[in-house]
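Here's the structure, in structure tokens; my notes come after.
The values are calculated or read from the model by the stated rules, or taken from the named source; none is laboratory data. Nothing here was measured: the structure is a model prediction, and the numbers come from that model. Every residue, glycine among them, receives a Cβ derived from its backbone with ideal geometry; neighbour counts consider all protein chains shown. Heavy atoms of the whole protein, side chains included, go into the accessibility calculation; ligands, DNA and RNA do not. Shrake-Rupley method; radii C 1.70, N 1.55, O 1.52, S 1.80 Å.
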Amino acid sequence: MKFTQLACAGLVLAASLVPQAAYAQAAPVLDWEQIAQDGLWESGQRSGSFDVGQGQVDVNFDLGGNSRFVGFGGGTTTPDINDVVNGSAGIEDRTLHLQINSQSVNPEENYIKMTTSFADFGGPLEDVFFNLYDVDINSGGAWHDRVVVKGFLGDQEVATEFNFYDQLLADYSADSSDAVAQVDDNTLEGLKQVNNNHDTANVQVSFGGAIDRFELFFTDGLSTDRTDPSSHGISIGDISLGRAAAQTPEPTSLLSLGALAIAGLVSKRRLAAKSEI
């Protein structure tokens, strides 16, 4: 066997020796229903860390300007895991409910900010997605939902992708919706009022690549007749964590493995030659 053939064989063998952890692995779901059952989230809680599969998911909330968390109809203060705003899912599938009240309409300053970070999964996560529920507008102009979602890998922003609920197909494959508008690459606004137990104002959110965190801003849209908009809410469904992105081994490590493999093949060749003498 020529050296070039040995080298190729060695590199193939080296690739087979790369630890399996370096390749994509499946990751589970952050399930709000399960979190509630385990007693890991209380009404009004502003942060939490959850062990999910082999990694950790951190959820943190911040308030901007004069926005504040309230409850639906004067009920339990949000963030709250409940079945108030979850489309047609019913009581079997609770979501993380956010209800906002601001003293003025200023999307740049008044908002609820939710930061969700992923750690210890063996790399950034691909195919992360979740459903947003009830992005709509009050028919009387008392409030207007506006949601901004941004994905990140380190300091680099990753494209956000929105899929709208298609009432005829009963899925999230529609390119547009008569209930929700995508006003720019990252922003959604309600177009009409939709009941909390209907699905037409729901949107599925995903990302164009691997991320290690995403930020969600819930604020007031400009199409409201009030300078102090009434309480209004949305909710976040279970977060599918997809899988850890494949990690490419360092070139020096791959060459070292290749050299070891070549040495092993050469040694075997010598032993075989001796046995023929």
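Inclusion of Ala119 among residues that are in contact with a strand residue (DSSP E or B) (Cβ under 9 Å, 6 or more places away or on another chain), among the small types (Gly, Ala, Ser) and crowded, with 16+ Cβ neighbours inside 10 Å is not warranted.
Only strands (runs of 3 or more DSSP E) whose full extent lies in the stretch 197-277 are considered here, and none of them has at least 3 residues that are open to solvent by 50 Å² or more (accessible area, probe 1.4 Å), modelled with pLDDT under 80 and within 30 Å of Asn101 (Cα to Cα).
In the stretch 214-227, the residues that are under 12 Å from Asp145 (Cβ atoms) form Cβ pairs under 6 Å with partners that are surrounded by 15 or more Cβ atoms within 10 Å (Cβ to Cβ) and of a type in the set (Ser, Thr, Tyr), at six or more places apart or across chains, as follows: Phe217/Tyr111; Thr219/Tyr111; Asp220/Ser102.
Among the conditions (1) open to solvent by less than 20 Å² (accessible area, probe 1.4 Å); (2) over 20 Å from Gln193 (Cα atoms); (3) among the hydroxyl-bearing types (Ser, Thr, Tyr), Ser102 misses just one, which is (2). From the list Asp58, Asp83, Asp38, the lone residue that is of a type in the set (D, E, K, R) and either open to solvent by less than 50 Å² (accessible area, probe 1.4 Å) or within 16 Å of the chain's Cα centre (by Cα) (or both) is Asp58.
The condition (being open to solvent by less than 10 Å² (accessible area, probe 1.4 Å) and more than 23 Å from Gly233 (Cα to Cα)) is satisfied by just one residue among Leu132, Leu125: Leu125. Considering the stretch 137-174, the residues that are of a type in the set (D, E, K, R) and in contact with a Leu (Cβ under 9 Å, 6 or more places away or on another chain) include one that is least open to solvent (accessible area, probe 1.4 Å), namely Asp145.
Residues that are of a type outside the set (Lys, Arg) and open to solvent by 60 Å² or more (accessible area, probe 1.4 Å) within the stretch 41-55 comprise Glu42, Ser43, Ser49, Asp51, Gln54, listed in sequence order.
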